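The values are calculated or read from the model by the stated rules, or taken from the named source; none is laboratory data. Just so we're clear, the structure is a prediction, and the values are computed from it rather than from any experiment. Cβ coordinates were reconstructed from backbone atoms using ideal geometry, including for glycine residues, and neighbour counts include every protein chain displayed.
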Amino acid sequence: MEPGVWDVEGGEPSRSAAISLSCHSEAAAEESLPCRCERTRERSLAAARDDKIPGSVVNPARLTSNTHNPNNSRPPSLVPRPQPFIPSSPDSILARDCHALLVERYGDDPAARERLDHELALVRKHGLAGFFLVYRDIMRLAREVAVEVRGNGPRANNALPPGRGRGSSVSSIICYLIGLSHIDPLRHNLYIGRFLNEEMASVPDIDLDFPREIRERLIARIYEVYGNDRAALVCAFPTYHIRSAIRDIGKVLGLPATDLDRLAKLSERASADHLAEEMERLPEFQSRRDAPLWRELIDLSTQIAGLPRHVTQHSGGMVISSQPLVELVPVQPAAMEGRYVCQWDKDSCDDARFIKIDFLALGMLSLVEECLELIVETGKGQVDLSRIDFEDSEVYDMICRGDTIGVFQIESRAQIQSLLRTQPRNLEDLIVQVSIVRPGPIIGGAVNPYIRARQQLRREGRVTATYDHPLLEPVLRETYGGILYQEQVLEVAVALAGFSAGQADSLRRAMSRKRSLAAMDRLWDQFRDGAAGKGVDETIALRVFEKLLGFAAYGFPKSHAAAFAVLAYQSCWLRFYYPAEFTCALFNNQPMGFYPPHAFANDAKRHGVSILLPDVNRSAGPCAVEGQAVRIGLGHVDGLSEEIARAVVAERQRGGPYQSLIDLARRSRLRREAVEHLIIVGACDSFGLRRRELLWQLGLFLPDRRVGPVKQPAAWQLALDLPTGQDMVALAGMTDWERMIADYDILGLSPHHHPLALLRPALPQPLVRAADLERGRDGGLVRLAGLVVCRQRPATAKGLMFMLLEDETGLANVIVHQPVYEEHRAVVRGYPFLIVTGRLQLRDGTVNIIAQDVVAIDRPHASGPQVTEPIAALLSQAGRLGELSGDISDEQLTELRLAAPASHDFH
């Protein structure tokens, strides 16, 4: 081995223990660790020795200098030829096609022609015509794939494009004309400098959203057309955070899995090097910090914090090249046969000027496609979403009420609160709404000024906006002085510091990639000097620069927000006019969005859409619409895969309705567990027996074989002449409580019973219902019980925890401040059913409970507290508020906790 070239695994002896982590991924035997540690020790010593010998590391240096630097620009030959290849200049082809399409879209519009000529000039300068033509070809492939996926059924004529653009590319008129975007950049005044500019350092990004089915088929088609040696998915390198470090290292150390899981769930810091602090804050783990294995867990977590955990596939990125990729970048097989992954992440591929395409699967597009199909199937006609009224006052009334559960982008708790305060009334307002609840605008201090401006506009018909400097008014006028869009970062740098568009984009990129403090200092020097040249005081320049830094945390381009706002409105329109079809499509496209399925079901019921239990003789595989109701599909029953559900339905269509449980078992060949689940949730109620009677009958003839399919039907007792009618043994029906538990356990939702409705008689009183909160007194003390739907503790919230609780009447927002959170952390984070006591906050149409005490709904109490004194006395009973009285048993409460659907937690 030559000097300086070693496969050093630990780096130095002090970190050798970290090698043991490879046991988790490589299944290395424990006895192999000593020799590996010794090998690392020897290499570390050799490295120290060679550091003292001049020239000992010259070979690696020479090797590095001769290796291609991925940050250098790639030659134009990397761009694949358009399909089919036309022996003409790519620039002339692109210009010809765009000018022809310009006349179709804009007629003789001078502004549109000027914008197109400007973009084409930039494309020529940077040699990007072939790049755009490849994208044009890919969208043509997508149209072919969409025809195949949609078939000849109701989806065939839905007029939806196969995919939609997102991100900064939506600002391009070229993308709009050749079908890569559905948003008119002139109508929405979209800034092109974020996507194309004179000093571009990398190939621009064009991100495309597709329905899931079309995306999967399209990726396969890309490999067919360009060759699997010239196309590969982009990789990503997930790094060790506190939760993954706890689970991975703890497993290697042999610590109890239940303890590790609980510690991981209760830990909130992102970085693994804060584990000691997290354990100190958790009473049940404080005493373990000094135990040898737990101490080692802390030390190793600190060592691996931020290091790559594994290589994974990027959510949608794909590179295409004119040369075999193995000559340009390391490549490995993907999990799916016939696909490959390059071992560079998206930023490295971007720096290397690869053609990188993001094929993103957007669940809402799949939902919209299915919803339009259901509208046709239910006899309500064909809907063209490009021609609906985008100024429908009734739809905006729904949006302004915050009635947006299940729609795209504006359904979260924070978004609903913002909707209530800003009252959007058109598409431009929705574009802001899509952008505003993001870390960038929040950290940059743009949210509250915008909300105040909107409220002033409604109140007085005018806005008195404040700008840090008069030079900023032209670029920040539409957002009332705040920076809400990525493009505004560029425009502010141009207007205030005299940056070119290319310099401004370099500033944005450096900020978004979190470059070093030294790099930020250099950027500040440039910004300060440029601002000084325009007569801007350094104090003002620094204030604006800090806002730009804050915005760089994460924010949307306006072009991206415009694309999403259109889809947000379309989803709202469908939800308002076709609630049953929308709800059905929503169920069939889970997981998606902010809420778990049971919250969607309860919201649908509040809007007049009934949820019907699955039925072996009526349900399809997916959920289906029946009038103004949604029938749960057999594929949504735990234990029945989509394939099995389709087989059950196909047999019913072939041989007619199932006449009895025995008939179902004979013909479907389902496993016993699957049949049990169908019985328990009522899918076999049409056979005329109670559910317990059906379970008893099932036990007579179907063996309990839960592992693998039954290979020998002859082993079943299905051929016996068993009674199938009402002369079976009579057993009691299931109680409402039992049905609810079964529904949540097997379906994840209960169509007819909410847990709080059944728990309420046993809960301490008085309790307010969620639907009654808006009629309360601002500042009044209230107490509410509910099922936790979601939890959020974002880094931008200064320690606040936001919870959404649901009872049988609706949803309630709860805000938990830091002191209350620290006092009740285990309860707030770990229990599904809570009782919250706090002050009611009614502000700008929003309703919140500011928590002062949080308790879990606890075990039954023989004489549980029946509170009749003034509500101010409630806080003195904090230790007993969660105790139950009445007829709810310990066993029932345990069943409920186990069956309760998990909340959706965000950080």
- Message: Need the failing condition index for residue 839 against (1) buried (at least 18 other Cβ atoms within 10 Å of the Cβ); (2) over 29 Å from the mean Cα position of the chain (by Cα); (3) closer than 30 Å to residue 424 by Cβ; (4) of a type in the set (D, E, K, R), just the number.
- Response: (1)
- Applying the selection to the range 728-745, what residues are in a loop (DSSP other than H, G, I, E, B) and surrounded by 16 or more Cβ atoms within 10 Å (Cβ to Cβ)? 728, 734
- Looking at the range 140-150, is at least one residue farther than 22 Å from residue 563 by Cβ and either of a type in the set (A, V, I, L, M) or outside any helix (DSSP H, G or I) (or both)? yes
- Any residue in the range 648-661 that is touching a residue at least 60 places away in the same chain (Cβ under 8 Å) and either among the charged types (D, E, K, R) or closer than 23 Å to residue 740 by Cα (or both)? yes
- Message: With the requirement that a residue be in contact with a Lys or Arg (Cβ under 7 Å, 6 or more places away or on another chain) and closer than 22 Å to residue 205 by Cβ, what does the range 324-346 give you?
- Response: 325, 346
- Message: Is it the case, given these coordinates, that residue 618 is modelled with pLDDT of 95 or more, under 29 Å from residue 576 (Cβ atoms) and either of a type outside the set (A, V, I, L, M) or buried (at least 21 other Cβ atoms within 10 Å of the Cβ) (or both)?
- Response: yes
- Complete set of residues in the range 387-421 that are over 26 Å from the mean Cα position of the chain (by Cα) and in a helix (DSSP H, G or I): 387, 393, 394, 397
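For (1) polar (S, T, N, Q); (2) in contact (Cβ under 8 Å) with a residue 12 or more places away in the chain, each residue gets a yes or a no:
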| residue | (1), (2) |
| --- | --- |
| 390 | no, yes |
| 398 | no, yes |
| 420 | no, yes |
| 448 | yes, no |
| 455 | yes, yes |
| 470 | no, no |
| 482 | no, yes |
- Message: Regarding the range 680-687, can at least one residue be identified that is within 22 Å of residue 370 (Cα to Cα), modelled with pLDDT of 95 or more and crowded, with 16+ Cβ neighbours inside 10 Å?
- Response: no
- Task: Report yes if residue 486 is closer than 19 Å to residue 168 by Cβ and either surrounded by fewer than 20 Cβ atoms within 10 Å (Cβ to Cβ) or assigned by TED's automatic domain parsing to the domain that holds residue 538 (or both), otherwise no.
- Result: yes
- Report, ordered by the first and then the second residue, all pairs with beta carbons closer than 7 Å, sequence separation of six or more or different chains, a first member in the range 666-677 that is surrounded by fewer than 21 Cβ atoms within 10 Å (Cβ to Cβ) and basic (Lys, Arg), and a second member that is modelled with pLDDT of 95 or more and outside any helix (DSSP H, G or I). 667/658
- Message: Residues to consider are 206, 183, 174; find the one that is under 14 Å from residue 431 (Cβ atoms), in contact with a helix residue (DSSP H, G or I) (Cβ under 6 Å, 6 or more places away or on another chain), in contact (Cβ under 8 Å) with a residue 60 or more places away in the chain and hydrophobic (A, V, I, L, M, F, W, C).
- Response: 183
- Message: Can you list the helices (runs of 4 or more DSSP H) lying wholly within the range 425-522 that have 3 or more residues being small (Gly, Ala, Ser)?
- Response: 486-497, 501-512
- Please work out which residue is farthest from the chain's Cα centre (by Cα), limiting yourself to the range 209-264 and to residues that are among the hydroxyl-bearing types (Ser, Thr, Tyr) and farther than 28 Å from residue 367 by Cα. 226
- Task: Run down 351, 345 and say which single residue is closer than 9 Å to residue 235 by Cβ and of a type in the set (Asp, Glu).
- Result: 345
- Message: If I filter the range 553-582 down to residues being more than 20 Å from the chain's Cα centre (by Cα) and aliphatic (A, V, I, L, M), which single residue comes out as farthest from residue 386 (Cα to Cα)?
- Response: 580
- Message: So, in the range 89-109, how many residues would count as being surrounded by 13 or more Cβ atoms within 10 Å (Cβ to Cβ) and among the charged types (D, E, K, R)?
- Response: 4
- Task: Return a yes/no flag: does the range 283-306 have any residue that is buried (at least 18 other Cβ atoms within 10 Å of the Cβ), of a type in the set (Lys, Arg) and in contact with a helix residue (DSSP H, G or I) (Cβ under 6 Å, 6 or more places away or on another chain).
- Result: no
- Task: Say whether the condition of being under 24 Å from residue 559 (Cα atoms), of a type outside the set (Val, Ile, Thr), crowded, with 23+ Cβ neighbours inside 10 Å and in contact with a His (Cβ under 9 Å, 6 or more places away or on another chain) is met by at least one residue in the range 378-387.
- Result: no
